[in-house]
Amino acid sequence: MFSLNYFSIFLFLIFSVVLSMIIFFLAFFITAKQDDAEKLSAYECGFNPFSDSRMEFDVKFYIVAILFLIFDLEISFLFPFSVGIDCISIGGFYSMLIFLFILTVGFLYEWKKGALDWD
């Protein structure tokens, strides 16, 4: 019915489900349930709430978020490259160096323009 090869996986699955349920219910019953004014106040993207939606606001937050996404995608390309570096050709290695050079130049440009400065 059940192979011994899969028994350890089944035990791990049962253990992880039980442990996650215990942690969830403990957190639910132990935490404070009283709401304060700070918790109930509305906020969006780190800005204080305002009444008029046509009001001008600083876009620094969005620029930093977009830069974070760009360099996060760089890491997603670097991970498989670093894992399989012994299997790629010299052309693949140099293409990754060119990719990293372009990203470094872009990072230095953004740094020089002051997009990373938070005033």
Selected residue (only one of PHE77, PHE7 is closer than 30 Å to PHE93 by Cβ, surrounded by 10 or more Cβ atoms within 10 Å (Cβ to Cβ) and modelled with pLDDT of 75 or more) | PHE77
Here the qualifying pairs (Cβ atoms under 7 Å; residues six or more apart or on different chains; first in region 31-44 and in a helix (DSSP H, G or I); second at pLDDT 75 or above) come out as none
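The values are calculated or read from the model by the stated rules, or taken from the named source; none is laboratory data. Values in this document were obtained by computation on a predicted structure and should not be read as measured data. Reconstructed Cβ throughout: ideal geometry from the backbone, glycine too, with neighbour counts over all protein chains shown.
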